[in-house]
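A.B. asks: Supplied in structure tokens, the structure appears directly below.
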Amino acid sequence: QLQASGGGLVQAGGSLRLSCAASGRAFSNYVMAWFRQAPGEEREFVAVISGGGGITYYADSVKGRFTIFRDNAKNLVYLRLNSLKPEDTAVYYCAADSASISRATPRVSQMDYWGQGTLVTVSS
């Protein structure tokens, strides 16, 4: 089970840190990812991190502004959002994948578990 939190209302240029808490064992065996879904849009990939935390990939739209990291001792994965833009407004979801990380953009359909989402609203 995944539980996302940390969303809120922030002005453009501001920052947020999202958290995703995982229950169960073997958290480090899972690749963890963040996706987002804006109103009227499809869910899209944002960032992914390997089980050990040493490999990360980002969508081009967030590269250099967002950072994904994890704490396996606490079963937590985070997404740091900096330099936020109004177009970053969306519901952000964390997800877990039992497969190995790859350079291919993670697909919604390949994820094994999903959190409930947390809303990020960026005002201009």
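The values are calculated or read from the model by the stated rules, or taken from the named source; none is laboratory data. Since this is a predicted model, take the numbers as computed values, not measurements. FYI the Cβ positions are ideal-geometry reconstructions off the backbone, even for glycines, and counts take in every protein chain you see. Remember, those area values only see protein heavy atoms, side chains included, never the ligands or the DNA or RNA. Shrake-Rupley method; radii C 1.70, N 1.55, O 1.52, S 1.80 Å.
A.B. asks: Of everything in region 86-106 that's at pLDDT 95 or above and either in a helix (DSSP H, G or I) or open to solvent by 80 Å² or more (accessible area, probe 1.4 Å) (or both), which residue is nearest to I49 (Cα to Cα)?
C.D. replies: D88
A.B. asks: Name the residues in region 17-38 that are in contact (Cβ under 8 Å) with a residue 12 or more places away in the chain and surrounded by fewer than 20 Cβ atoms within 10 Å (Cβ to Cβ), would you?
C.D. replies: R17, S19, A21, S23, G24, S28, N29, Q37, A38, listed by residue number.
A.B. asks: Only one of P106, P86 is at negative phi and over 12 Å from the mean Cα position of the chain (by Cα); which?
C.D. replies: P86
A.B. asks: Could you list all residues from region 42-60 that are in contact with a strand residue (DSSP E or B) (Cβ under 8 Å, 6 or more places away or on another chain), farther than 12 Å from V31 by Cα, part of a loop (DSSP other than H, G, I, E, B) and open to solvent by 30 Å² or more (accessible area, probe 1.4 Å)?
C.D. replies: Within region 42-60, just R43 meets the criteria.
A.B. asks: Right, here's the next one. Looking at (1) over 12 Å from V120 (Cβ atoms); (2) open to solvent by less than 30 Å² (accessible area, probe 1.4 Å), can you tell me which one F66 breaks?
C.D. replies: All conditions pass for F66, except number (1).
A.B. asks: For region 89-106, which residues satisfy the criterion of being closer than 20 Å to T56 by Cα, touching a residue at least 40 places away in the same chain (Cβ under 8 Å) and not polar (S, T, N, Q)?
C.D. replies: Selection gives Y92, Y93, C94, A95, A96, D97, A99, I101, R103, P106.
A.B. asks: Counting just the residues of region 69-85 that are closer than 19 Å to G13 by Cβ and among the aliphatic types (A, V, I, L, M), which one comes out surrounded by the fewest Cβ atoms within 10 Å (Cβ to Cβ)?
C.D. replies: L84
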